[in-house]
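Quick note: the coordinates plus some simple rules give every number you see, no bench work behind them. Note that this is a predicted model, so its numbers are computed, not measured. Please note: Cβ atoms are built from the backbone with ideal geometry, for glycine as well, and neighbour counts cover all protein chains shown.
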Amino acid sequence: MSSEGEASSSRFTLEGIDDVEDFPWWNEGEGSSMSWERYSYLYDIMQMGNQAFRENRLDQAIELYSRANNIKPSDIIILSNRCAAYLRISHFLKNRPPSASEYRPLSGLDPTTHAGLALKDADKVMNLQSNSVTPYILKANALILLEKYEVARDVIWSGLHVDPRSCPLLNLERSTAKTFSRRSHVNPQRTDDYDCTVCLKLLYEPITTPCGHSFCRSCLFQTMDRGNRCPLCRTVLFISPRTCSISVTLKNIIQRNFPEEYAERRLENDSLTNPGVDLLPLFVMDVILPCQKFQLNIFEPRYRLMVRRIMEGNRRMGMVIIDSSTGSIADYACEVEITDCEPLPDGRFFLEVESRRRCCIIRNWEQDGYRIAEVEWVQDIYPKEGTAERNDLMEMTNKAATFAREWMKAAQEAAQGDRVRLAELFKAEGLMPSTQDPERFSFWLATLTNRRPSERLDLLRLRNTKERINRGLVYMKAEEQGCRLQ
Ligand SMILES: [Zn+2]
Ligand SMILES: [Zn+2]
């Protein structure tokens, strides 16, 4: 990541390195350690060095400062000025566009070496004079060029203890703070690395396959409905929704870095698993009446997907038939609840369902291969409570119940030796609803005989309970007692 590092440190400008300090002329104190001639020579070199620095001939400035340093080692001004020259070269090289070096290569010069030399000089100055901000400024600049931002921040803070109003230090503090917050809360780029290759959206509930590829859980199993291979590399996979868990670490990384997009994906997913109170995914097969209990084998890929979604939601779907008279989905359907769902190793589902209530389909549309319907829940119209008509209905229901019990008893006797038939009769008996709910009872009554789909559809459309009970009784009387239950 060196290119990224350079990009970030090149955002910094050098602070407090605009000029160098002039070397003081001879005074009595200095004279004691050095002859006048020698000091005068040193002074001239420093003058030339500063001149070179100000004219941006930095190589020459460094050479002159180094000569001065040989004459008078451990001098704060000489070391500080040379440090400033190293810093400037390093900064210049660091910000030099790559095309410039192609045009005029600078052999042997690299920004890191120069920043390292600057740091050495800054440390020497610090040892000589730690009660001034100058060494802190030099050292902080050098550390930033070396991309040691954390240490640089410590140096800046120490320097601010010496002079809390130092402009260069305050500027360095601000610029490193920005980089710091960027670095510690840095979000990875939102590249398509985080996308599912099936739906091309941000991975939601990612699963990583044994071949190392990650997909949204729902996407993976949707493609596996059509074959047990990895959607990307075609490796045969031996995983199933039951045994496969979500990659928690990957999920956390994605969720933490792209929280809004992930929340959107969750909403999207929830709307598929919980379509809403008046929306019902449809299993197009047959007319089902309320108050039935039966088993279903789900093997078509589109319905496997639907069942997986239903099982994450309220476990309910609508069952409907294609109306043979119109060739399209019938206008009435029945809601069934999945009471037991057994996923089979090959991806099929074995379901036990119970039918609950009927609905009228207002409109329906396709979604991922199966149909969703907007429905209106329908109930029979009862006569008002306390009226003669209502009492009539309750009496009729009770009479029908008595008849049904006798009918059942006779049917069970006739079916002795026929285990399958007996089991059906016992099951129907167990489902018999209370006569306090005439509508539900009327539907149950109608399930006792084997009706044609068009007859069952008519029973769903009816909103008159008496009429439905009547039809049920007629069917039962017409059918011979040995007749098979559906
Ligand atoms: Zn996906
Ligand atoms: Zn793969």
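Enclosing the Cα atoms of the range 310-427 in their convex hull gives a volume equal to 202 cubic angstrom per residue. What the phi angles of the range 161-177 give under the Karplus curve with 6.51, -1.76 and 1.60, with θ = phi - 60°, is a coupling list of 5, 6, 9, x, 9, 5, 4, x, 5, 5, 5, 5, 4, 4, 5, 6, 4 Hz, glycine and proline written as x. Which of Met476, Leu457, Phe441 sits closest to the plus end of the dipole of the range 388-478, meaning its Cα is farthest towards the positive end, when Lys and Arg get +1 and Asp and Glu get -1 on the C-beta? It is Leu457.
Annotation: amide H-H contacts under 5 Å for Arg358 (H modelled 1.01 Å from N, sequence separation of 5 or more, or interchain): Glu335, Val378. Straight-distance candidates among the lysines for linking to Lys399, with alpha-carbon spacing under 21 Å and chain neighbours fewer than 8 residues away dropped: Lys384, Lys409, Lys466, Lys477. When only Cα pairs below 8 angstrom with a gap of at least 6 residues are kept, the chain shows a relative contact order of 8 percent. Taking the fewest neighbouring Cβ atoms within 10 Å as the starting point, the ordered list for Phe221, Phe350, Phe443 is Phe350, Phe221, Phe443. Computed extension gain for Arg356 through Asn131, at 0.36 nm per residue and net of the alpha carbon distance, reaches 72.4 nm.
For the residues Lys94, Lys178, what sequence is obtained by ranking on other C-beta atoms within 10 Å, fewest first?
Numbers: Lys94 18, Lys178 13.
If I rank by nearby Cβ atoms, fewest first, I get Lys178, Lys94.
So what is the relative contact order of the range 388-478, in percent, for Cα pairs below 8 Å that sit 6 or more residues apart? Don't skip to the end; give the middle numbers.
Numbers: 58 pairs, mean separation 28.3, N = 91.
Across the range 388-478, relative contact order equals 31 percent.
Each Lys and Arg adds +1 at its Cβ and each Asp and Glu adds -1 at its Cβ; summed about the Cα centre, the range 388-478 shows a dipole of about 240 debye.
Adding -39500 (n - 2.57) for every DSSP H run of four residues or longer, then dividing by how many residues the chain holds, sets the calculated 222 nm ellipticity at -16500 deg cm²/dmol. Packing around the peptides 205-213, 283-291, taken as the average count of other Cβ atoms within 10 Å per residue, puts them in this order, highest first: 283-291, 205-213. The alpha carbons of the chain give a radius of gyration and a Dmax of 43.0, 137 Å, in that order.
Arranged from highest to lowest average of other beta-carbon atoms within 10 Å per residue, in what order do the peptides 136-144, 245-253 appear? Display every interim value, and only then the final one.
Details: 136-144: 28.0, 245-253: 13.6.
Ranking the peptides 136-144, 245-253 by packing returns 136-144, 245-253.
Rounded to the nearest 20, the Cβ-based charge dipole of the chain about its Cα centre (Lys and Arg +1, Asp and Glu -1) stands at 1240 debye. Mean sequence separation of contacting Cα pairs (under 8 Å, at least six apart), scaled by the length of the range 276-377, corresponds to a relative contact order of 35 percent. Phi-derived couplings, Karplus 6.51 cos²θ - 1.76 cosθ + 1.60 at θ = phi - 60°, listed residue by residue for the range 308-318: 4, 5, 4, 5, 7, x, 8, 6, 10, 8, x Hz, with x used for Gly and Pro.
Taking 17 Å as the straight-line reach from the Cα of Lys124, the lysines in range (excluding those fewer than 8 positions away in the same chain) are Lys72, Lys139.
Can you give the longest stretch of the chain with no exposed loop site, where a site means GluC sites (Glu not before Pro) in a DSSP loop (not H, G, I, E or B) with at most 13 other C-beta atoms within 10 Å? Spell out each step's value before the answer.
Details: sites that count: Glu55, Glu385, Glu480.
Result for the longest clean stretch: 56-384.
Here's the picture: charge each Lys and Arg Cβ at +1 and each Asp and Glu Cβ at -1 in the chain, and of Val353, Cys199, Met224 the one pushed furthest to the positive end of that dipole is Val353.
In Å, the Kirkwood hydrodynamic radius of the range 388-478 over pairs of distinct alpha carbons? In the range 388-478 this quantity evaluates to 13.6 Å.
What dipole magnitude, in Debye to the nearest 20, does the range 192-271 give about its Cα centre under +1 on Lys/Arg Cβ and -1 on Asp/Glu Cβ? Could the numbers behind the result be given before it?
Values: 10 positive and 10 negative charges, 86 e Å.
Dipole magnitude for the range 192-271 comes out near 420 debye.
The residue list Phe299, Leu267, His213 was ranked by how far each Cα lies along the charge dipole of the chain toward its positive end, using unit charges on Cβ atoms, and Phe299 comes out on top.
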